[in-house]
Amino acid sequence: MRVSTNQFYDSSIRAINSQQSALMQVSQQLSAQRKLLTPSDDPVAASREVALEATRQANEQMLRNQADAKGMLEATENYLVEAGNTLQAALARIVQAGGGTLNEQDRQSILADLRALRDQLLSVANTQDENGNYIFAGYKRDNQPFVRTAAGVVYQGDSGVRQSQIGPNRVIDISFSGHYLFGDIPTGQNGLEVKADGANTGSATLSAGVIKDRQAWNAAAPFGPYTIEFGVDGAYTITDRDGAEVGTGLLGDGQVVEMAGIQVSFNGRPAQGDRITFGPASSQSVFDTLDQAIAALGLPDTGHESTARTNALYEVNLNLNAALNRLLEARSSIGSRLNEIEAATTAGEARGDQVTEEISRVVGSDIETMTELTGELAKRTYTVQAAQQTYTQIARLSIFNYL
């Protein structure tokens, strides 16, 4: 078989080009740090990469959401700690004011402190984030939530609670409304509210209101509030909310009235016409409670005004403790959410590592594949060089060299 010179050159060049093309392919793969360069290289692997990349991006978004949620909850907790410290200070001053050994200068000093603490708490409740949004305004983040008016502090936000998705199937609350934290605070204690009428003229001051029989009180509570009205020589009558008489009695040596599972205790002696009411707890804002304390301390230290102030401070003490409990409840909830976010972040980071590793394996950017490509590059380089040298040597052969 004869092989023409042109045929020899063409076949040799095609072989060299093929070897160089293979060398360039390996070189590009090493340069890109991945074996899969185009979908046509491996359509199945390319499709798998698209799906894995979507999973990776979704996981990264969840991690960002978790970081944002964690930052917001931690900032909120700091503000709740400040609010709690403010209420603790106010409560300490209320307890001091109820000591009964204060002179007018002491009362004025406590009054000034309570006004300052009330304003400080109002400032915390109107806290804004770095973007100028009000943290405790619910969904109305552009509106100042708490505004002082002639009638007192009014809440102008809403009850909305912002949420964040921290996992494929998990959404958590990342805020609290100001109404929940500072506005809707239960009065009294353990669902029972006891009040002494501010117009009482006797010396009876409240000391306790206790639910002794929960079942009996649950049955009677819907017909409250109940009013205890005192007559002469310790006699008293109890009426329900409609004014119907539901009980009578006579005070003995102790100042205690019991009815429907409720025990109301007081010190001193009520005068004829004095009234004490008890019933299911209602709610009021912590700012109204502080205003109530300030008004009570402003009463003159004479006659029944002193008794009225003591009874008002008794109510304030219970209501401020309820406000503190609400803040502690919120902080406990934040702690639980932060623990959940931390667990989700740990799982998300592990998931991200797994997906990234799988993408590397699918597209061929893992260490093993890179090592193989490095060896392949050396082999291809040697093959191309050998082909070129062989072609050069053979091309030099000519019959004229032997003539």
Simple spin-label estimate for Glu74 and Val232 in nanometres, 7 Å along Cα-Cβ: 7.2 nm
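Take Val355, Val147 and order them by how many other Cβ atoms sit within 10 Å, fewest up front. Intermediate results must be reported in sequence, preceding the final value.
On the way: Val355 19, Val147 13.
Fewest-to-most ranking of Val355, Val147: Val147, Val355.
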Qualifying aspartates and glutamates (Cα of each under 15 Å from Cα of Lys212; at least 8 residues distant if same chain): Glu193, Glu258
Sequence-separation-based contact order of the stretch 191-281, relative, with Cα cut under 8 Å and 6+ spacing, percent: 46 percent
Cα-based reach from Lys140 at 15 Å (exclusive), listing aspartates and glutamates while leaving out same-chain residues under 8 positions away: Asp129, Asp158
Förster radius 51 Å - calculated FRET efficiency between Thr201 and Gln128 (Cβ-Cβ, nearest 0.05): 0.55
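With 10 angstrom as the radius, rank Val210, Val286, Val232 by how many other C-beta atoms surround their C-beta, starting from the fewest.
Values: Val210 15, Val286 28, Val232 8.
Arranged by neighbour count, lowest to highest, Val210, Val286, Val232 become Val232, Val210, Val286.
Any read-out appearing in this document is the output of simple, stated calculations on the displayed coordinates, not a laboratory observation. Predicted model, so just to flag it, every value in this text is computed and none were measured. So basically every Cβ, Gly included, is an ideal-geometry build from the backbone, and we count neighbours across all protein chains shown.
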